[in-house]
Amino acid sequence: MIKSCASCTDSKRHQKMFCDDCGKVQEIKLGSNLSIFDVFGFDVSLDIDKEILDKKYSELITLMHPDKFAHATGDEKSIAEANTATINKAYSILSSEVEIYDYILSDIKGISNDKILEDDEEFLIEKIHLYEELSSITSTEKCINFRNKLNGLYNNTLIDIRKNISKKSWGNAAKELAKLRFVQNLINIVEKKEYMLEIEEKTLRK
Amino acid sequence: MKLYQISEPQSTVGELVIGIDLGTTNSLIGFYDGEKVQIVPDKYNQKGVVPSIMTFDSNSRQFKVGHEAMNDLEAVKSVKRLIGKGLKDTILDLYNIDYKESSDEVIKLNLREKSLSPVEISAEILKYLKKNAEEYTGKKVRKAVITVPAHFDDAARIATKDAAKIAGIEILRILNEPTAAAIAYGLNNNHNNKPILVYDLGGGTFDVSILKRNHGIMVVMATGGDNQLGGDDFDHAILNMLRKKVGQESIKTTSDQLKIANYVKTYLSNHTAWTGEFLSENISITRTEIIKACQQLIDRTLQTTRDVLFSAKLKPQEIGQVILAGGATRMPIIQSSIEKIFSKKPLINIDPDQVVAIGATLQAQALTHRGDVLVDVVPLSLGIELLGGIVETIIARNTPIPAIAKKYYTTYKDNQRGFKIHIVQGEGDTVESCRSLARIELSDLPEKPAGEVKLEVVFKVNADGILFVSATELDSGKSCNLEVKPTYGLTENDLEKLLQKQQDA
């Protein structure tokens, strides 16, 4: 990102984060010129290496956390705070496959979610079956089986999304992503259920 | 009485670096002496443990805080349980004090001729600590890091900030208590890089936090707790058991009885049996008996511990170290219960009464002298009430802070001129199961068909865990000046008046 500093009046263009001339912190403004990948210095990619992500996150936070500006002027402190919030948000997106795909499709490719609200009939029926299966679960053992099934579904959907993205078939990719999100939510629900059932089963054994 | 040896001040230049643990039962103040943290001793307690008790002395017409207030039966205790709360959130009858002047929004306690809010009472405790530190070091106290329970909600955090303001202290940072304990143990020395769990059982609150080191920074992975569970509850449970023992179950609770219960609890941490007098009867109590009396409370803390592990997606064996904070963790049963879950001995080598104040002071030092960065999280989900009383989460709990989130809404009626936003905090799906934080309203919207006026609502949480909300009508770009005023606590006006009073005094 190239922009001019808001604090010093120098019209020279310079790098993000800090002004080259006066050293004051600059606001990170996400938009068409700056993606969350840019904030982390990454190329737009479906695969983010967790280790590199964590390291970069730590570097950015060390530079930008408002605690580093505890004695700075009010302006710099509030910019640092807003920037850290942006970095935190970007980090949480880059830490999750579902969120990365969503970001690429909606924020970079501009595929609106409204258009893909309607599921294809096949998946609608599958959804109903999955819900029925979920509500019939009464033991941790069944939870584990169901979770395994969902994980399989998750991985298959993931492959489909990648295929569609590589074919630049954005609409279909977005549809698959809605499916992926649904499966992800279901996995979260079943994990929670498994946890609650585990507690129940433990108390019963006592 | 022994006089304290006051060493030469290390340097007279610069301000004192201060950390304060404003606890439910006890409060402490620490400072950095250039090499290490020192807890300021109190003239009645070498370790610097000041009971969070305050009273108004009619004769001297002065407030008395700490040990000097302890023998006054009307003194106010555990006020932290009331801070940032309204009448319906709390059982005031337990307080043995007149609260007739309270409203749904603000609690007022009548203490002799004074009528005081929990914020003002907390401010008196802070003033006492501040004075202690100034007398001990010979320097002025201006800025400090103050700790709060990790799961303190927005209203309670703002109320704590207000209390500091009234006491003439600028808050450098509000720090979560379990995070402070982790800092005190110096997580930099944690070489195996596994997450650390802090089990913090204070006098009136219970917190669990899991932290880990991520390259050069510390991040909180998850936090949880119970702000109506603490060491005090253990005293009450033991007291009930003692009464049963002497067949006087329905007798009214007095502070003397509670003192005995607390003594028995402490005594049985180091011995296996206690014999003594209770309500004029000689009785014997074994450690096993108090374990039984406290089992339910212990189980509650262990369940919360497991819940937080679940939130962090961790198994007990993945935790590298467990840190204990809060005086109540001296109970051997708590230590052995923790050891059983994690298959390792928890750390308690830093005095659990002092560990939070030490961590707060170290954090103040880090802020002043550019130390390690620590990223904490939102303790309780923040959301908005939708039609039908359903809550939409805007910022989920355990989101790293500072945090920002935006949501877009449209009008639902033709020519709708106003838009009300009800901000709530909590984990429930419905408004009833959450805490109401504030209501804000956008007015004078342009008259347009339903759905054509678009509003952007922005939630921001700063590093202190305090929420700011703004709402903008997108077409005109008109940003209504909205400020979150907590439904509970002091209004800006009340605060101004109190600050004025302070300056006049």
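Observations on the structure shown:
- Within region A:17-54, the residues that satisfy the criterion of being in a helix (DSSP H, G or I) and surrounded by 15 or more Cβ atoms within 10 Å (Cβ to Cβ) are A:Ile36, A:Phe37, A:Asp38, A:Val39, A:Leu53, A:Asp54.
- The condition of being of a type in the set (Ser, Thr, Tyr) and under 23 Å from the mean Cα position of the chain (by Cα) does not hold for B:Ser470.
- Within region B:372-391, the residues that satisfy the criterion of being assigned to a strand (DSSP E or B) and either hydrophobic (A, V, I, L, M, F, W, C) or more than 17 Å from B:Lys460 (Cβ to Cβ) (or both) are B:Leu374, B:Val375, B:Val377, B:Leu382, B:Ile384, B:Glu385, B:Ile390, B:Val391.
- Within region B:411-438, residues that are among the small types (Gly, Ala, Ser) have Cβ atoms under 9 Å from residues that are surrounded by fewer than 14 Cβ atoms within 10 Å (Cβ to Cβ) and not in a loop (DSSP other than H, G, I, E, B) in these pairs: B:Gly418/B:Glu441; B:Gly426/B:Ser433, counting only partners at least 6 apart in sequence or on another chain.
- Between B:Gly216, B:Gly231, the distinction of being at negative phi, within 14 Å of chain A (Cβ to nearest Cβ) and in contact (Cβ under 8 Å) with a residue 40 or more places away in the chain belongs to B:Gly216 only.
- Within region B:138-162, tally of residues that are outside any loop (DSSP other than H, G, I, E, B), under 24 Å from B:Pro352 (Cβ atoms) and not hydroxyl-bearing (Ser, Thr, Tyr): 6
- Some residue of region B:176-191 being surrounded by 23 or more Cβ atoms within 10 Å (Cβ to Cβ), within 22 Å of B:Lys77 (Cα to Cα) and without any contact (Cβ under 8 Å) to a residue 60 or more places away in the chain: no
- B:Arg397, sole failed condition from (1) away from chain A (no Cβ under 14 Å); (2) in a loop (DSSP other than H, G, I, E, B); (3) at pLDDT 90 or above: (1)
- Within region A:65-92, the residues that satisfy the criterion of being surrounded by fewer than 19 Cβ atoms within 10 Å (Cβ to Cβ), away from chain B (no Cβ under 11 Å) and in a helix (DSSP H, G or I) are A:Gly74, A:Asp75, A:Glu76.
- B:Leu482, sole failed condition from (1) within 30 Å of B:Tyr412 (Cβ to Cβ); (2) at pLDDT 80 or above; (3) crowded, with 17+ Cβ neighbours inside 10 Å: (2)
- Selection within region A:134-148 - basic (Lys, Arg) and touching an Asp or Glu at 6+ places or on another chain (Cβ under 8 Å): A:Arg147
- Where a residue in region B:295-310 is aromatic (Phe, Trp, Tyr) and its partner, wherever it lies, is surrounded by 14 or more Cβ atoms within 10 Å (Cβ to Cβ), with Cβ under 7 Å and at least six apart: B:Phe310/A:Tyr195
- Cβ separations smaller than 7 Å between residues 6+ apart or across chains give the following pairs from region B:387-406 residues that are among the small types (Gly, Ala, Ser) to residues that are part of a strand (DSSP E or B): B:Gly389/B:Thr430; B:Ala403/B:Ile395; B:Ala403/B:Val461; B:Ala405/B:Ile394; B:Ala405/B:Ile395; B:Ala405/B:Phe459.
Each row is one residue, and each column tells you yes or no for (1) surrounded by fewer than 19 Cβ atoms within 10 Å (Cβ to Cβ); (2) away from chain A (no Cβ under 14 Å).
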residue	(1), (2)
B:Lys252	yes, yes
B:Gln257	no, yes
B:Leu268	no, yes
B:His271	yes, yes
B:Ile283	yes, yes
B:Gln295	yes, no
B:Arg306	yes, no
B:Gly326	no, yes
B:Ser337	no, yes
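- Scanning region A:53-72 for residues being in contact with a helix residue (DSSP H, G or I) (Cβ under 6 Å, 6 or more places away or on another chain) and farther than 8 Å from B:Val373 by Cβ gives a total of 7.
- Each residue in region A:36-62 was checked for being facing chain B (nearest Cβ under 9 Å) and either over 23 Å from A:Tyr101 (Cα atoms) or among the small types (Gly, Ala, Ser) (or both), and 4 pass.
- Summed over region B:417-440, the residues that are farther than 14 Å from B:Asp89 by Cα and either outside any loop (DSSP other than H, G, I, E, B) or among the aliphatic types (A, V, I, L, M) (or both) give a count of 11.
- Restricting region B:400-416 to residues that are assigned to a loop (DSSP other than H, G, I, E, B) and buried (at least 19 other Cβ atoms within 10 Å of the Cβ), the residue that is farthest from the other protein chains (Cβ to nearest Cβ) is B:Thr411.
- The set of residues in region B:203-245 being of a type in the set (Phe, Trp, Tyr) and in a loop (DSSP other than H, G, I, E, B) is empty.
The values are calculated or read from the model by the stated rules, or taken from the named source; none is laboratory data. Owing to the predicted nature of the structure, the values given are computational and were not obtained by experimental measurement. For neighbour counting, all protein chains shown are included, and Cβ atoms are generated from backbone atoms with ideal geometry for every residue, glycine included.
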